[in-house]
Amino acid sequence: MVGPDRDVTGERDMHTPEQDAHRLTGGEAEAHRLTGGEAEAHRLDEADPGHRHLFHVPPADGGDHPEAAYLAGNSLGLQPRATRDELLADLDAWGRLGVEGHLEAQRPWLPYHELLTAPAARLVGGRPAETVVMNSLTVNLHLLMVSFYRPSGVRTRIVIEDAAFPSDSYAVRSQARFHGLDPDDTVVRLRPRPGEDALRTEDVTDYLAAEGDRVALVLLGGVNYLTGELLDIPAITAAGRAAGAVVGWDLAHAVGNVPLALHDWDVDFAAWCSYKYLNSGPGALAGVFVHERHLGDPDLPRFEGWWSTAAATRFEMTPVSRPPATVEAWQVSNPPIFAMGPVRTSLELFDAVGMTALRARSLRLTGWLESLLDEVTVDRPLRVVTPRDPARRGCQLSVRIGEGSAAELTKRLRYEHGVIADAREPDVVRFAPVPIYSTYHDCWRAAAALAATVGKVNP
């Protein structure tokens, strides 16, 4: 257990909190006293531990701690300790068996993707027939829009949030052009109200009620990458479908972060990546959900390849595809086994820990970081732009800085204090206390580093 006189790595501190505070001056001394100080962070970690021991944590590049305070899991999650051995086992099967590994490996390659289906479905609240792991996120969005963006007459618009991740913006604009439409007229970018940072759910539903007869597709981020806002997915989905539109979701920042129930929420389709909160490695394979009411629909256009046809007849080598009445009909190519292994390992961790427990810890951990940032932002050119209502956010708190560069600030946090956060230029620094491996001590270190790095306006 982590005690009050130890940091989260188990290394004994050389000084007591009182001695440390005596040595510091100015902003550093203030930072040390944040909400009970470092000792309080250790006490909370002892009472509410996560699963940090299951992950590799990078060493600190600066500061007084051997490990980094890693709060950038919303950009790239940490490597599970089990990943290396599991991946090497799949590589060894290739070495021992060659082509016969398709059927004879311990985890045969031919049906390998099926090992990921059930745990992925549980994670997003889908049914196995509705869920598949394949490709990368934007590739999957394009494959899904082939089927679900079908402009006709006046119903041509695509609704996204103005602060959508750029890749989503590029994707929908290119889809509009592909259909011979002007993207500047076709893509509707919903903005927050003047003076606000986050898009309200009612802003979306009100637009759909007023203009829904012109909307073909609603494609929003479940959790906004910039602000960390969690949109009301079921309410917006209901409003979009009531307006006659198709409703899809980019869940890159939602999956593994917040509980999801895509089938029950009646979502038409969704896609997500797995290298952020799912900790499956840089560029890891993505996932797709298609609601069962669309499965087997012969009127839906769809791009196809070898893996789009039914597995039972795949090796008959016929020239015409016979797609199954499942989401696997949207697959195109055979899956990359060595990319699937880390996703499978990660999904097993989420199955073991459970999203209910992770969400509960996330609320506690993020709430504590918020209380620390409330102290730090007083009299500093800093402002938290993430919604304060815990129900309207995941485990990310975004801080807008009033002066200087976000990238330069994150460099100082890393190299002077050993805190790894994420910059979104020009002026947002994102802190993500990921509940499966982050600690209260990480949160305290991040807030303390921010206080020590950014001076007060009126010191």
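The values are calculated or read from the model by the stated rules, or taken from the named source; none is laboratory data. Keep in mind that what you see is a predicted model, and the values were worked out from it rather than measured. Every residue, glycine among them, receives a Cβ derived from its backbone with ideal geometry; neighbour counts consider all protein chains shown. Each accessible area value is taken on the protein alone, full model and side chains, heavy atoms only, with ligands, DNA and RNA left out. Shrake-Rupley method; radii C 1.70, N 1.55, O 1.52, S 1.80 Å.
The residues of the stretch 417-427 that are open to solvent by 20 Å² or more (accessible area, probe 1.4 Å) and part of a loop (DSSP other than H, G, I, E, B), listed by number, are Glu425, Pro426, Asp427. Filtering His102, His42 for residues that are in a helix (DSSP H, G or I) and free of Cβ contacts under 8 Å to residues at least 12 places away in the same chain leaves a single hit, His102.
Just a yes or no: is a residue in the stretch 74-89 under 19 Å from Val419 (Cα atoms) and open to solvent by 70 Å² or more (accessible area, probe 1.4 Å)? Scanning the stretch 74-89, I find at least one residue that is under 19 Å from Val419 (Cα atoms) and open to solvent by 70 Å² or more (accessible area, probe 1.4 Å), so the answer is yes. Considering Gly62, Gly37, which residue is in contact with a helix residue (DSSP H, G or I) (Cβ under 6 Å, 6 or more places away or on another chain) and in a helix (DSSP H, G or I)? None of the others qualify; the one that does is Gly37.
Looking only at residues in the stretch 175-187 that are open to solvent by 30 Å² or more (accessible area, probe 1.4 Å) and in contact (Cβ under 8 Å) with a residue 24 or more places away in the chain, the one that is nearest to Gly248 (Cα to Cα) is His179. Residues satisfying the criterion are present in the stretch 372-387 (criterion: touching a residue at least 12 places away in the same chain (Cβ under 8 Å), hydroxyl-bearing (Ser, Thr, Tyr), surrounded by fewer than 20 Cβ atoms within 10 Å (Cβ to Cβ) and closer than 22 Å to Glu229 by Cβ).
Considering the stretch 281-293, and only residues there that are closer than 11 Å to Glu130 by Cβ and out of contact with any strand residue (DSSP E or B) (no Cβ under 9 Å at 6 or more places or on another chain), the residue that is surrounded by the most Cβ atoms within 10 Å (Cβ to Cβ) turns out to be Glu292. All conditions in (1) open to solvent by 30 Å² or more (accessible area, probe 1.4 Å); (2) closer than 23 Å to Phe431 by Cα; (3) out of contact with any Phe, Trp or Tyr (no Cβ under 9 Å at 6 or more places or on another chain) hold for Leu54, with the sole exception of (3). Being assigned to a helix (DSSP H, G or I) and within 20 Å of Arg127 (Cβ to Cβ) is the filter; apply it to the stretch 313-338 and report the residue that is most open to solvent (accessible area, probe 1.4 Å). Checked the stretch 313-338; the qualifying residue most open to solvent (accessible area, probe 1.4 Å) is Glu328.
If you go through the stretch 360-386 and keep only what is more than 25 Å from the chain's Cα centre (by Cα) and of a type in the set (Asp, Glu), you end up with Glu375, Asp379. For the condition closer than 20 Å to Trp368 by Cα, open to solvent by less than 20 Å² (accessible area, probe 1.4 Å), out of contact with any helix residue (DSSP H, G or I) (no Cβ under 8 Å at 6 or more places or on another chain) and not in a helix (DSSP H, G or I), Arg430 qualifies. Figure legend. Inter-residue proximity from the stretch 286-303: first residues of a type in the set (Val, Ile, Thr), second residues open to solvent by less than 20 Å² (accessible area, probe 1.4 Å) and part of a strand (DSSP E or B), beta-carbon distance below 7 Å, spacing 6+ or different chains. Indicated pairs: Val288/Val132; Val288/Ala271; Val290/Phe269.
Among the conditions (1) outside any helix (DSSP H, G or I); (2) open to solvent by 50 Å² or more (accessible area, probe 1.4 Å); (3) within 24 Å of Pro80 (Cα to Cα), the only one that Arg414 does not satisfy is (1).
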